[in-house]
Each structure stands twice: as C-alpha cells, then as structure tokens.
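Here is the structure we will look at, set down as structure tokens.
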Amino acid sequence: MNRTEKYIRRVLEQMQSPKAEREEMREELLMHLEEAKKRYLYEGYSEKQAEKYALADFGNPSRIGRELQESIYPFQRGLLYVIGIATIIFGVIFYLNAVFLLHERIIVWFGIQLLIGTAVILAAINISIVGRYFYLVNLLILVSATWSGIDLMMVETAPGGQAFLFSLCLTILIIVSLIFVFRNSYYSTSQTENEQRKPGLVKFSYIMNLLFGVIIISLGLFFMWGFLVFIGMRAIAFVPSIPIFLWLTFYKFQMTYIAKKPLLSLATGFLFSGVAIALPFGILVFT
Amino acid sequence: MSLKMKNITFLIGMVFLFFFMWGISLFAEPSKGFSGFGETTDLSPDDETLVFSYFQDGNASLYTVPASGGTAKLLAKPIEGNSFINPTFSPNGDKVAFIKQWEVEEQERTFGELMIIDQTNGKMEQLTDTNNLITEAVFSPDGKTLYFLKASVYKNYSEIASKRPHEFDIFRMDLETKAIDQITHKKAYEMSGLAVTPDGKQLMYRSYGNGDQLVFHSLADDGETVVIPSGEFASGAPIISSPSLSSDGKRVTFSDVATKGKDGLFIYEAFKMDVDTQQAKQITSFHKHVTNPVFFHHSNSLIVTVDEKFGEARSEYSYWRVSMDGDQRKHLSINIPEVDDMK
C-alpha cells in the first residue's frame, strides 16, 4: 500500500459511507490527489516528493474524514457519542445513588447499562465499519432506547425529587435516540436505487413508523413491568415484550420499504403494529 | 492513535470502570430491609394508648405509646426473621393479640400464627400451631374469645397474579380451653378487616363478591348481610381497605379511593359510613395514601395511618389523629427508643 492509499484509508476510516459511496469517495479523493501530485511533478519535483507535498496540501486525513462525515451525515457520529456517554454517566450516577442512598447493589443492572453505553460508543468510534450497516446501528440505538424505557420505570420508585430528575434525563436520552434513528433511517434511503421524489412524504412515513414503534415498545414495557411487579420473575411476565422483538425485526424490512413506498408503508406499519400488539394478548388468553 | 488502539483503550477503561464501581459498592452499607412504622394500629379501650408495629431492618416489634404521642415503649420483640403485626387490644386493655409473621423463601410463602401478650406481666404466648396462615384477629366483647382470619392456601390462581393468601375462613378460639372451631366454610378469595359488633352477635369483614363489600355475619344463624357503601369514590365502585367498626357499632370507617393523582395513581382517604343508610362520606383530605382508620372509643376522632411515600420503592408511614369531620388533624410524634434504652 503506497502513501496515497494509506492516506485515503485514513480519511475513509472516519466515514460511515456504505460500499458504493465509499468507492465513489475513494475515486474522487484519488483523482484530486493525483492532480495535485501532477502539479508538483510538473514543477520538477521527484515522484516521492510530489506525492508527499500533494498529501501535505490536503491536510490531516483524520480531520478531512471527520469533515466529510459531518458534511454527508451531519451530527450522526456526535449523536452516537452523546447517547453512549449519557447512558454511561446516567448508569454511574444512578448506581451510586442506589448503592449509597437506597442500599441496593444493582450490579447486574449497572453491567447491562455499561454494556449498552459501551456498545454505542464503540459504534461511534468504529463508524467506518458499523456505520454502513444502517439497520444494525438503528437496532443498537433502539435497544438502548428500550433499555432507557426500562430505566424510566425503575426510577419512578426513586424517593422525592430524584424520580423527576432521573425521568427528565432519561426522557431526553430517549428523544435524542429517536432523533438519531429517524435521521439514520432517512440517510439509509439515499442508498436505495430509487430516486426520492417525495422526501417530505418519506420523512413523514419514517416518523409515523417510528411512532408505531414507540407505542409498541411503551405498551410492551408497561405491561411487562406490571407483570414483573405483580407476579415476579416468571417466564410469562415477559410475554408482553414479544411485540417489541417483532417490531424491531420488522423495522429492518420496513426501513427499505418506506423509502420505496412511503404511503403504503404507513399502512403495513400500522397493520403489523396491530398484529404485534394482539399476539401477546392472544397468548395470555389461551394459556 | 490508531483505531485499534482507540478501541482497546476504551474497552480497558470500561472494564476498569465496572470493577471500580463494583469495588466501591463493597464499602456501602447493604440493604437490611424496611425500617419504619407499620401500617396497622389499635387503640386501647380507654383511648389512652396506641399499639403499633415498628420495623427494624425488616423485622417488626410491637410498641405502645400514649395516644397523644411521645416516647414509645417496647411491648414485644420477635426473633430475627419474624415480625409482630396487626395488634389488637382486649376489651379490658390488659392483653394484646397479634400475628407473628414470617416468610420461607424456599417455599415462596408466608406464615402467620396467632399470638397474645399480657401487658400486666409481659407473658407472651403462641396460641396456634406452626404452618398456619393467620392474617388478623379480634377479641369478642367479653374478652373470652378470639376470632381470627385464616387462609388455607398461599398461591396464585392465575399465571398473571402474584402468590397471596387465599381460601379464607373465620375461626374462633376459646381463650380458656384454646379450643378452635370454624365459623365460616367459604374458602373466600379475600377476607380482611375482621370486627365484632358491640353486642357480640355479629362479625363484620371485608370480602370480594362482584366488587368490594362489607359482610355482617350473624353468629346465631350464620346468616349474612352484604353492605356496599355508596358514596363519591373516584374508582366508581368502592375499593374498600382496612374497615373498622365504631364502639357503638353504628358506623364503619375505611380507606377508599377519593381522587386520582397526576400520575394516575389512586389517592386513598379515610371514609365513614352509617351502617343503616350505607351512605359513605369522605373524612380526610391528606392527598396522600391514607389507610387503617381506627375509631377512638370515647371521642369523635380517628387515628389514621398515612403513607408519605406511596408509589415509591418503600413506604413511610406516620400516624395522625383526625376529627370525624376531618377539619382538625394532628401528627402523632413518636420517639422510638434506641435498643440500649430499652434494656
């Protein structure tokens, strides 16, 4: 690998572009670098010197990569860092509060909280590797938001004003997560071969489909939490969480479908959500 | 720094953070169970003394205190893992009957035995054998008999319900012979709030029919009269909790849903009901969780228990004296003596 190729690799390390876009970017960068190099060759510099000066003119490859990432996918990487860091900070504060004020050692909870926060930050660090898998990143953030929803129910029983403050932090975190998923879903549509003729409708369809998801996850968590409180840690208490898993799986296909058929996908999203909600009720009634 | 190094450094940092947090938690005091005032109380026949449970690290002892508040006096302390709850005075005030309750985690169930203590000599006696699930008791007006509620099973009828005492019936113990006989054969889903009418001819209890109801059971012919309080309950139908009968037997006080809180939680307040008209009226306006109202015998007042932290992880009960019209209320300031002070 020559110096130019190394340079381009370091630029692309900062970007979440999928394969096709990455190739396009590589060719464009190569073309610009070759042109700059030619100019130095024309001025009488040696091959090695011309390459060196051309790369120096372009600047730090990591910075260039970050700037390109921000121009194509503005704030997405930053949002991932915000979600991950906020998840970890919340975990540390709530854990210390639980251990020293409530005398509850919730180390398993803290382990899960830390794991989720770590996974989100790792996704931000390795944006060039995982960022191109839009659904995977969405899934990670939706799982993180669902876990924050569980936290939200946990903090309801915190004493005094703590419940309000913790709830406020978690609500903001969930909203930021949903904003990320919406934007990430929309950016994924630019990868579809179909030309977007109605971006407004596509955005609306993404928002509505995410809203269906929020309703399903909220209902699932609410009933699951209620069951856990009243009947304890038994398998049947987790039945209400089935729609959450179904919807998270369904969203993989829906993400692409929304880009292609934004209006029709509203109907399929609504219908699927209805079926997903009805399923656990059916299981509970017939068992 | 290369991407690989960034990942490794970050992961090491997170592992360190986990073990650091786990390590410092070892310095924290572990949870020892609930500490604070218990939910149920009873007033002595002369209205001078209040008996109540006080929990220390999950175990409840019985205390008495002047009905106006003050420093409490230890009446009975259980062994580790047991709790003394639901105390009730005998008609002459000398004795207190109560329930010794404990849990067996392996069996996932709770047990409750009938106990009695004589305040004059401090003698405590267990009245029933082991492995019962007795939940509450009340003296007959002559003080010679104890009526009590006993559940036959501790289970959940549905997969989506928690395990609780069920199949209740009322029993009677002759305190002289200790002979027990069964009064009802209902195997009721729920029974609570057992009381005896002043003439000793009827028992009152709360149960669940098509909804919450009060039942008056005739000891002479086993006939029963169902009473459903009518009043302005935020839940529509009444959701009766901890009913108590007045000394003259003409009124019942209980806790029921008065309003709904901002978060949708029911707010319970004390109500009073005229037994003849069955018309209930709200007494208290704490806008908190009010429970276990108990009549004073010789004045127009109640003692109620207020949960200051209803809906939170742990309750925090306090006791209040409230006038029957609800206009006046006074917090009972109770000082629990330190363990060393009690010796």
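Every number here is computed from the coordinates shown, using simple stated rules; none is lab data. Computed from a predicted structure; not experimentally measured. For neighbour counting, all protein chains shown are included, and Cβ atoms are generated from backbone atoms with ideal geometry for every residue, glycine included.
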- prompt: Which far-off residues, 5 or more places away or on another chain, put their amide H under 5 Å from the one on B:ARG164, with H placed in the peptide plane?
  reply: B:LYS155, B:ASN156
task: For the range B:239-251, just list the computed ³J(HN,Hα) in residue order, Karplus coefficients 6.51, -1.76 and 1.60, θ = phi - 60°, integers in Hz, with x standing in for Gly and Pro.
output: 10, 7, 9, 6, x, 9, 9, 6, 4, 8, x, 9, 10
- request: Give, in nm to one decimal, the length gained when the segment between A:PHE230 and A:GLU21 is fully stretched (0.36 nm per residue of separation minus the Cα-Cα distance).
  value: 70.1 nm
message: Contact order normalised by length for the range B:117-248, with contacts defined as Cα pairs under 8 Å and 6 or more residues apart; what percent is it?
response: 16 percent
field: Radius, Kirkwood style, for chain A when every pair of distinct Cα atoms is counted (Å)
entry: 21.6 Å
- request: List the DSSP H helices in chain A whose Cα atoms stretch 27 Å or more along the helix axis and whose mean Kyte-Doolittle hydropathy is at least 1.6.
  value: A:76-100, A:134-155, A:199-231, A:262-286
A:GLU35 paired with A:ASN2, simple spin-label distance in nm, labels 7 Å along Cα-to-beta-carbon: 1.9 nm
- prompt: In whole Å, how far is the Cα centre of the range A:9-27 from that of the range B:173-232?
  reply: 79 Å
query: From the phi of every residue in the range B:73-90, what ³J(HN,Hα) in whole Hz does the Karplus formula 6.51 cos²θ - 1.76 cosθ + 1.60 yield, where θ is phi - 60° and glycine or proline is x?
result: 10, 5, 9, 7, 10, x, 6, 3, x, 9, 9, 9, 10, 6, x, 8, 6, 6
query: Which whole-number percentage describes the relative contact order of the range A:3-67, with Cα contacts under 8 Å and a sequence gap of 6 or more?
result: 53 percent
query: With charges only on Cβ, +1 for K and R and -1 for D and E, what is the dipole size of chain B about its Cα centre, in debye, rounded to 20?
result: 1020 debye
- prompt: When the dipole is taken about the Cα centre of the protein assembly as shown, and only Lys, Arg (+1) and Asp, Glu (-1) are charged at their Cβ, what size is it in debye, to the nearest 20?
  reply: 3180 debye
message: How would B:TRP102, A:TRP109 line up from fewest to most surrounding beta-carbon atoms within 10 angstrom?
response: B:TRP102, A:TRP109
- prompt: If you line up the long axis of helix B:3-25 against the longest principal axis of chain B, both from Cα atoms, how many degrees apart are they, to the nearest 10?
  reply: 40 degrees
task: Using R₀ = 60 Å, calculate the FRET efficiency as 1/(1 + (r/R₀)^6) where r is the Cβ-Cβ separation of B:LEU265 and B:ASN7; round to 0.05.
output: 0.85
- line: In terms of the charge dipole of the protein assembly as shown, which places +1 on Lys and Arg and -1 on Asp and Glu at the beta carbon, the residue among A:ALA54, A:TYR186, B:GLY93 farthest towards the positive end is A:ALA54
query: What are the semi-axes of the equivalent ellipsoid for the range A:74-191, taken as the square roots of 5 times the Cα gyration tensor eigenvalues, largest first, in whole Å?
result: 29, 14, 10
message: For B:LYS250, give me every one of the lysines with a C-alpha distance below 29 angstrom, ignoring sequence neighbours fewer than eight places off in its own chain.
response: B:LYS95, B:LYS144, B:LYS150, B:LYS186, B:LYS187, B:LYS201, B:LYS272, B:LYS281, B:LYS288, B:LYS330
- request: Taking the Cβ of A:VAL137 as the centre, find all other residues whose Cβ is under 13 Å away and add up their charges (Lys, Arg: +1; Asp, Glu: -1).
  value: +4
- line: Amide H contacts under 5 Å for A:ARG105, restricted to residues at least 5 apart in sequence or on another chain and with H modeled in the peptide plane, are B:SER31
- request: Based on other C-beta atoms within 10 Å, arrange B:LYS187, B:LYS150 from fewest to most.
  value: B:LYS187, B:LYS150
statement: With a ≥ b ≥ c from the Cα gyration tensor eigenvalues, square-rooted, and the rule rounded for a/c under 1.5, otherwise prolate when a/b > b/c and oblate otherwise, the range B:228-343 is oblate
- line: Answer check: the protein assembly as shown, Cα atoms, Kirkwood Rh, Rg/Rh ratio of 1.14
message: Among A:ALA20, A:LEU33, A:PHE94, which residue has its Cα furthest toward the positive end of the charge dipole of the range A:1-105, with +1 on Lys/Arg Cβ and -1 on Asp/Glu Cβ?
response: A:PHE94
task: Using a Gaussian network model of chain A whose springs link C-alpha atoms within less than 10 Å, name the residue from A:ARG132, A:ARG22, A:ARG77 with the highest mean-square fluctuation.
output: A:ARG22
query: By counting other Cβ atoms within 10 Å of each Cβ, how are B:MET191, B:MET21 ranked from fewest to most?
result: B:MET21, B:MET191
Amide H contacts under 5 Å for B:VAL227, placed H, 5+ residues apart: B:LEU214, B:VAL215, B:PHE216
Dipole moment magnitude, nearest 20 debye, the range A:195-287 about Cα centre, only Lys, Arg, Asp, Glu C-beta charged: 300 debye
query: Given the range A:1-95 reduced to its alpha-carbon atoms as identical point scatterers, what log10 I(q)/I(0) does the Debye formula return at q = 0.22 Å⁻¹?
result: -1.05
task: Read phi for every residue in the range B:200-208 and hand back ³J(HN,Hα) as whole Hz from Karplus 6.51 cos²θ - 1.76 cosθ + 1.60, θ = phi - 60°, with x for Gly and Pro.
output: x, 8, 10, 10, 10, 8, 9, 8, 10
message: Which lysines, if any, have their Cα less than 27 Å from the Cα of B:LYS6, not counting same-chain residues under 8 positions apart?
response: A:LYS6, A:LYS19, A:LYS52
query: FRET efficiency for A:SER46 and A:ARG9, Cβ-Cβ distance as r, R0 = 22 Å, nearest 0.05?
result: 0.40
message: Below 8 Å, C-alpha to C-alpha, sequence gap of six or more: please give me the relative contact order for chain B in percent.
response: 10 percent
